[in-house]
Amino acid sequence: MALAIAGAAVLPARHVADAMDQMAIANDPAKIADRALDHAFNTQIAEQEIRAALDAGDTDLAASFIALAADRKVPVDPKLTEAVKEKTAQQASFTNIAGRFVRGFWTGEPVDLSSLAGTAVGDLFVFGDIRDAAREGTRYLTGEKYDPWILGLAGVGLAITAGTYATVGIGAPERVGLSLVKAARRTGRLNPALAVRIARDVVKVDEAGGLVKLAGNVGGIEAKAGTQATLDALSVAEGPEDVSRFSRLAAAKGPKTRAIIKLFGRGAIMLTIGAANFAMWVLWAALAVFGFISSCKATVERMTQRALDRHKLRRARDAVAMSGAPIAALSGYK
């Protein structure tokens, strides 16, 4: 029984060890991502994702997967790499860049670095925030459907822009970050859970400290991983803490961040095992240890009892032999 229980304890023991390894890296998004990549990234997945990105015209995502494959030493078909380079070169023409810049400036909906530059310039020169505030404010006053988040974010943006001017550009990351938060909200790429969490911070400018910190983290993601990676992160983040984790992931992984988010979503920064599962496996391991110890205890007790019985029987036989009594007298002794 002890051997059987010891064998059965292998499974929960392995799960507990694995859970303990995960808990040790709980506050390091880069290590969490590396652990996930160890189990779920290979040549087949890399090439599949690169082809899918090229078919969708998303060269930024394709380049992110190529960078990730190179970093992980995963071989990729050279033809795919060349295809990504050619597609990127086509999109890098002056006409395309200028068109995306103007689009970002006018609509406030960035899709890449060029359009983000246009959006950021518009917001930095107040045009973007005034545009958004006027549009949503007019809808509110006329009884039309408006977005209170965009309206509040525009108000906070005006305050951050003023602070940027006052500090000679020190607040620029927060300014860029807030522009991206507005863009994500406008294009439906801001996770509703995250929108609810920051709703209180857009009501009044003087209570927007949490939003300013959030915008700074968003700006940090954009600076290290790019515009699209930032929007992808905002689409899966469930709270400001998640955005902070994505910022640290971007700081460690750079342009590879978007590929990691595409593969794992929020799982790129969070543990795959919950506290309840961890507690369950610990309980099973404890029960297995208790069963093993109990079986060993019972085995030792039985072996000890048998040894004592044999010792008593031997002493009794020796006593009978020395007294000359018939051996038959011991026939009833056990």
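The values are calculated or read from the model by the stated rules, or taken from the named source; none is laboratory data. Being a predicted model, the structure only gives us computed values, none of them experimental. Note that we place each Cβ from the backbone using ideal geometry, even for glycine, and neighbour counts take in every protein chain shown.
A few remarks follow.
- Number of residues in the range 25-49 that are buried (at least 17 other Cβ atoms within 10 Å of the Cβ), in a helix (DSSP H, G or I) and more than 15 Å from the chain's Cα centre (by Cα): the value is 3.
- Leading residue by the ranking (nearest to Leu190 (Cα to Cα)) among those in the range 214-248 that are among the polar types (S, T, N, Q) and crowded, with 24+ Cβ neighbours inside 10 Å: Thr230
- Selection count where residues are among the aliphatic types (A, V, I, L, M), touching a Leu at 6+ places or on another chain (Cβ under 9 Å) and at pLDDT 85 or above, scope the range 13-58: 12
- Of all residues in the range 200-208, none are farther than 25 Å from Ala40 by Cβ, at pLDDT 70 or above and surrounded by fewer than 24 Cβ atoms within 10 Å (Cβ to Cβ).
- Unique residue being without any contact (Cβ under 8 Å) to a residue 40 or more places away in the chain and either outside any helix (DSSP H, G or I) or not charged (D, E, K, R) (or both) when the list is Ala252, Ala233: Ala233
- Matching residues, the range 56-83, being farther than 12 Å from Arg258 by Cα and assigned to a loop (DSSP other than H, G, I, E, B): Ala56, Gly57, Arg72, Lys73, Val74, Pro75, Val76, Asp77
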